[in-house]
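Please read the structure below before turning to the comments.
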Amino acid sequence: MTNLPPAIFLMGPTASGKTGVAVELVQRLPVELISVDSALVFRDMNIGTAKPDAATLARAPHHLIDIIDPTAAYSAAAFSTDALRLMADITARGKIPLLVGGTMLYFKALQEGLSDLPQSDPAVRAALDTEIAQHGIGHMHRQLAEVDAETAARLKPADTQRIQRAMEIYRITGQPMSALIKMQTPHELPYRIIPIALVPSDRAQLHARIATRFKAMLEHGLVDELRGLRKKYPLNPNMTSMRCVGYRQAWQYIDGEISEAELYELGLAATRQLAKRQLTWLRSMPENIEVDCLAPDLAKIVLAELGRFVLR
């Protein structure tokens, strides 16, 4: 492993200070940043994704930000392909790839590889959309339990996106998604990974940060940003981009489905749930070097941790 080129993974839940640390590391280490965020890939979605502003990106350019329109889709497989190419390029330039973000599935896909699941089929997807509209997602979850009990058991009955995808895979292949995942080919990343996980020593303080940030997003115009996106692009609420936390609730507000107060409460609750899922992922990765994201001088602490490794 010591003969492999290094790569730094800087991971953490939403509002843990990842971007600030990454910007500081760019000033002190020979690194280039690769964003590991399923929302930052979308152009024009700035407020609700907490996208780094132009001044920050000028100081610390990030690869894989603003690469597709909100009408497009981006997958863990696409991320892995893009990230591996960029990591090779960065290493060839004599620098260290620093991958920063909170989309844990992307980190997992990059490290472990992905099973050879089929691409989405528009006809099958359309048929599933119709079934969901007619009978509800609960009905489809029960169908999934009959053909793929293992996948159904780990999905919440209201998780429309993942239930639909699991049913789509079954109808395309005739095999349960859980079985296809187990057929995954072993994958070894040709880098010496230095995994830094920013985790809070006090989850209540992280929740307070999340509340402050989501309130600021609303004050800075998240709803107006979405109105502009809906005018510029042919969007619908089932698109991947519009399922992002904050945008989903803002869409409901614009359509008159929820009140302004509900927009705040539902958006805040969804963001907290996202942070909980991210922390669950991180806690399942024992190799991580954990750093308290609430600590003063967070960037200095992370830099000191990285100093224990030979970064050449």
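Considering only F42, S16, P190, and ranking their Cα positions along the charge dipole of the chain that arises from unit charges at the beta-carbon of Lys, Arg, Asp and Glu, the one farthest toward the positive end is P190.
Taking every C-alpha pair closer than 8 Å and separated by at least 6 residues, the mean separation divided by the residue count of the chain gives a relative contact order of 28 percent.
What is the order of H141, H220, fewest Cβ neighbours within 10 Å to most?
H220, H141
Taking 0.36 nm per residue of sequence separation and removing the Cα-Cα distance, the R154/A58 pair yields an extension gain of 30.4 nm. Comparing A77, A295, A22 in a Gaussian network model of the chain where C-alpha atoms under 10 Å apart are linked, the largest mean-square fluctuation is found at A295.
Per-residue extension of 0.36 nm, minus the Cα-Cα distance of R227 and A123, leaves a gain of 34.5 nm for this segment. Between the residues I254, L222, L294, the greatest Cα displacement towards the positive end of the dipole of the chain, with unit charges on the Cβ of Lys, Arg, Asp and Glu, is found for L294.
Dipole check for the chain: with +1 at the C-beta of Lys and Arg, -1 at the C-beta of Asp and Glu, and the Cα centre as origin, the magnitude is about 500 Debye.
In a fully extended conformation the segment linking R277 and D44 would gain 81.3 nm over its present Cα-Cα distance, using 0.36 nm per residue. The distance linking the stretch 167-229 with the stretch 238-312 is 8 Å (Cα centroid to Cα centroid, whole angstrom). Taking every lysine pair in the chain that is 8 or more places apart or spans two chains, those with Cα atoms closer than 20 Å amount to 12. Think of each Lys and Arg Cβ as +1 and each Asp and Glu Cβ as -1; about the Cα centre, that makes the dipole of the stretch 71-124 roughly 300 debye.
Once the Cα atoms are used to define both axes, helix 122-135 deviates from the longest principal axis of the chain by about 60 degrees. Using Cβ point charges alone (K and R +1, D and E -1), the dipole size of the stretch 122-182 about the Cα centre works out to roughly 160 debye.
Just so you know, all these numbers are worked out from the coordinates, no wet-lab data involved. Since this is a predicted model, take the numbers as computed values, not measurements. FYI the Cβ positions are ideal-geometry reconstructions off the backbone, even for glycines, and counts take in every protein chain you see.
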